[in-house]
Amino acid sequence: MEKIDILGTKIDVLGLKESVKIISEGVATGQELRIVTANPELIYSAQKNEELQKIINTADLVLPDGIGVVWAARQFGYRLPERVTGIDLTLRLLEEGNQRRWRIFLLGARPGVPEKAVTELYRVYPGVVLSGHHGYFSKEKEPLVIERIRKFAPDILLVGLGAPRQELFNAANQGLAMVRMGVGGTIDVLSGEVKRAPQFYRDNKLEWLYRLAANPSRIRRQAVLPLYVLRVLWKKYRQ
Ligand code: UDP
């Protein structure tokens, strides 16, 4: 599979449809997949953290999460078909799972939120078998949470613990599910607790701006974005 190097992170040249196809085949044929949705914040922190970068680059799929990744690829002369965000991919997988009766486990978000997401999702995707657990557990409690997931035996494990914890969790838990994927704040959106950006913002690649306006405390995280842009441009200039 073709990969593009962005500041040391190797991104797969895949769109949403192809990603769903690979994952569906993985579940059908029993091939385990670990998936990273790589956004600019993650790529930026990985270039300063060798262990994290290794974890990302050894994943089975590393998907371009956000317009900042598609843009960076273009700076180096490559074309990524589109961005593949955690929420978009999750919604497509729920549709697929609805037909194939997949078992999907939601790990992450505040207590009560995964349960709410499960209730909401059963309304729309009655064919999926769902369970969940919140993401505010201690290191001591972790084995219990893992045991619960193991008992459920998910086809798909969606891990929304925030980066890089979700990436570390998935790397450390081989065999826990056919597909393990980091999804950031997706479980909040599935539960209805957090609204997704309206279509206008998504169409105009401004989802990040909407999320920032809705939740100004994200400014500290998004402050790395200009640094990311400068780093990409600097690398392009040096090449
Ligand atoms: N989270 C969690 N446990 C923690 C810290 C965070 O489950 O110890 C959850 C948090 O509630 C949120 C998600 O991780 O649902 C991270 O969302 P964020 O918006 O930061 O991720 P993004 O989608 O921007 O990558």
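Evaluate the following for Ala38: is it out of contact with any Phe, Trp or Tyr (no Cβ under 7 Å at 6 or more places or on another chain), at pLDDT 95 or above, open to solvent by 50 Å² or more (accessible area, probe 1.4 Å) and of a type in the set (A, V, I, L, M)? Reasoning before the result, please.
On the way: out of contact with any Phe, Trp or Tyr (no Cβ under 7 Å at 6 or more places or on another chain): yes; at pLDDT 95 or above: yes; open to solvent by 50 Å² or more (accessible area, probe 1.4 Å): no; of a type in the set (A, V, I, L, M): yes.
Here the answer is no, as Ala38 does not meet what is asked.
Would you check if Arg202 is of a type in the set (Lys, Arg), closer than 21 Å to Ala117 by Cβ and open to solvent by 80 Å² or more (accessible area, probe 1.4 Å)?
no
Run down Arg150, Arg196 and say which single residue is open to solvent by 70 Å² or more (accessible area, probe 1.4 Å) and either at pLDDT 95 or above or not polar (S, T, N, Q) (or both).
Numbers: Arg196 fails: open to solvent by 70 Å² or more (accessible area, probe 1.4 Å).
When all the criteria are applied, what remains is Arg150.
Going through Leu63, Leu106 one at a time, which residue ends up being touching a Pro at 6+ places or on another chain (Cβ under 7 Å), within 16 Å of the ligand (Cβ to nearest atom), of a type outside the set (Asp, Glu) and in contact (Cβ under 8 Å) with a residue 40 or more places away in the chain? So that I can check it myself, show each step before the final result.
Numbers: Leu63 fails: touching a Pro at 6+ places or on another chain (Cβ under 7 Å).
Exactly one of Leu63, Leu106 is touching a Pro at 6+ places or on another chain (Cβ under 7 Å), within 16 Å of the ligand (Cβ to nearest atom), of a type outside the set (Asp, Glu) and in contact (Cβ under 8 Å) with a residue 40 or more places away in the chain, namely Leu106.
Keeping to the stretch 110-147, report how many residues are open to solvent by less than 30 Å² (accessible area, probe 1.4 Å), hydroxyl-bearing (Ser, Thr, Tyr) and in a helix (DSSP H, G or I).
Residues that pass the stated criteria total 0.
May I ask you to say which residue of Ile146, Ile156 is touching a residue at least 40 places away in the same chain (Cβ under 8 Å) and among the aliphatic types (A, V, I, L, M)?
Working: Ile146 fails: touching a residue at least 40 places away in the same chain (Cβ under 8 Å).
None of the other options fit; the residue is Ile156.
Hey, can you tell me all the residues within the stretch 140-157 that are within 23 Å of Lys54 (Cβ to Cβ) and either among the small types (Gly, Ala, Ser) or within 12 Å of the ligand (Cβ to nearest atom) (or both)? Before you say what the answer is, go through the steps one by one.
Of the stretch 140-157, the ones within 23 Å of Lys54 (Cβ to Cβ) are 142, 146, 157.
Across the stretch 140-157, the qualifying residue is only Glu142.
Kindly indicate whether any position in the stretch 63-84 is modelled with pLDDT of 95 or more, within 22 Å of Gln239 (Cα to Cα), touching a Phe, Trp or Tyr at 6+ places or on another chain (Cβ under 7 Å) and aromatic (Phe, Trp, Tyr).
Checked against the condition, which is being modelled with pLDDT of 95 or more, within 22 Å of Gln239 (Cα to Cα), touching a Phe, Trp or Tyr at 6+ places or on another chain (Cβ under 7 Å) and aromatic (Phe, Trp, Tyr), the stretch 63-84 yields no hits at all.
In the stretch 165-184, what count of residues is obtained for those that are more than 16 Å from the ligand (Cβ to nearest atom), under 19 Å from Thr85 (Cα atoms) and surrounded by fewer than 21 Cβ atoms within 10 Å (Cβ to Cβ)?
Step one: of the stretch 165-184, the residues more than 16 Å from the ligand (Cβ to nearest atom) are 171, 174-179.
From what's left, under 19 Å from Thr85 (Cα atoms): 179.
When the remaining residues are screened for being surrounded by fewer than 21 Cβ atoms within 10 Å (Cβ to Cβ), the result is none.
Going through the stretch 165-184 one residue at a time, the tally reaches 0.
Which residue out of Leu80, Leu107, Leu89 is under 28 Å from Val224 (Cα atoms), open to solvent by less than 40 Å² (accessible area, probe 1.4 Å) and assigned to a loop (DSSP other than H, G, I, E, B)?
Working: Leu107 fails: assigned to a loop (DSSP other than H, G, I, E, B); Leu89 fails: assigned to a loop (DSSP other than H, G, I, E, B).
So the residue among Leu80, Leu107, Leu89 that is under 28 Å from Val224 (Cα atoms), open to solvent by less than 40 Å² (accessible area, probe 1.4 Å) and assigned to a loop (DSSP other than H, G, I, E, B) is Leu80.
Is it fair to say Leu94 is buried (at least 16 other Cβ atoms within 10 Å of the Cβ), outside any loop (DSSP other than H, G, I, E, B), among the aliphatic types (A, V, I, L, M) and within 16 Å of the ligand (Cβ to nearest atom)? Full working, then the answer.
Details: buried (at least 16 other Cβ atoms within 10 Å of the Cβ): yes; outside any loop (DSSP other than H, G, I, E, B): yes; among the aliphatic types (A, V, I, L, M): yes; within 16 Å of the ligand (Cβ to nearest atom): no.
Criteria not met by Leu94.
The values are calculated or read from the model by the stated rules, or taken from the named source; none is laboratory data. Nothing here was measured: the structure is a model prediction, and the numbers come from that model. For neighbour counting, all protein chains shown are included, and Cβ atoms are generated from backbone atoms with ideal geometry for every residue, glycine included. To get the accessible areas, we keep the full protein, side chains included, count just its heavy atoms, and leave off ligands, DNA and RNA. Shrake-Rupley method; radii C 1.70, N 1.55, O 1.52, S 1.80 Å.
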